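The values are calculated or read from the model by the stated rules, or taken from the named source; none is laboratory data. All values derive from a computational prediction rather than experimental measurement. We place every Cβ from the backbone using ideal geometry, glycine too, and count neighbours over all the protein chains shown. Each accessible area value is taken on the protein alone, full model and side chains, heavy atoms only, with ligands, DNA and RNA left out. Shrake-Rupley method; radii C 1.70, N 1.55, O 1.52, S 1.80 Å.
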Amino acid sequence: MRLWIIRHGETKGNQAGLLRGKGSANDEITDTGHAQAQAMADQVSGGEPRPRAVYASRYRRAQQTARPLAERLGVPVTVLPGIHEVDCGDWAGEPYSALRQHPDRLELGGGELGFRGGETFREIAARFAADVNGLPDEDAALVSHGGIIRIALAELLGLDAREVWQSGDFMLKNTEWVVLERNGQSWHLL
């Protein structure tokens, strides 16, 4: 099974460079985001192998981004409950740059990373991995969110989330994607 993990199209929050968190469930993609979604759909659906199913988070922007791809493939967009945006708690409304400037604020004690007043990295990774590992064994695309994708990829690939976060690995731009392959119960980056 191959899985295209795609970040949603541009939103006004992305333009402003602000962390929005769980209050952003109804945020829509911009005109640029719609154009990005169309271009992504052209590329992902244009060759073989290609997805046979399309999944999205319960947040509007992910579903809007997934829709053009689903239409090209002739399949519905299926919403997964655990792949939505991180609950960034006290970080909501802060600029993305604060995550780089104050990484120590992600330390919750006892070696735990997370967002004070929100979710831990462990909780975030667990809900994403539960949904992904429960998918049928068919090539699929999944549209989610930047922060959760980074944390979840560390989990799925058996990497240290702290190292991934600090290194800047898997920082996808809007509508960028990575492709994973599942062999048995393990995932590999293609």
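Points to keep in mind about this one:
- Its Kirkwood hydrodynamic radius, worked out from the mean inverse distance over all distinct Cα pairs, puts region 8-151 at 15.9 Å.
- Karplus-derived 3J(HN,Hα), 6.51/-1.76/1.60, for each residue of region 181-189, Hz, glycine and proline x: 10, 9, 10, x, 9, 10, 10, 9, 7
- Relative contact order %, the chain, counting alpha carbon pairs below 8 Å whose residues are six or more apart: 31
- Two-site label geometry, Arg105 and Ala126: point separation in nm, points 7 Å out along Cα→Cβ: 2.6
- Assuming charge only on the beta carbon of Lys and Arg (+1) and of Asp and Glu (-1), the dipole of the chain about its Cα centre is about 300 debye to the nearest 20.
- Accessible carbon and sulfur surface of the chain relative to its total accessible area, %, 1.4 Å: 46
- For the chain, the antiparallel share of DSSP beta bridges with both residues in that region comes to about 55%.
- Just so you know, the Rg over Rh for region 90-190 is 0.97, from Cα atoms, with Rh as the Kirkwood radius.
- Sorted into 10 angstrom bins from 0, the C-alpha pair distances of region 43-128 split as 16, 34, 25, 20, 5 percent.
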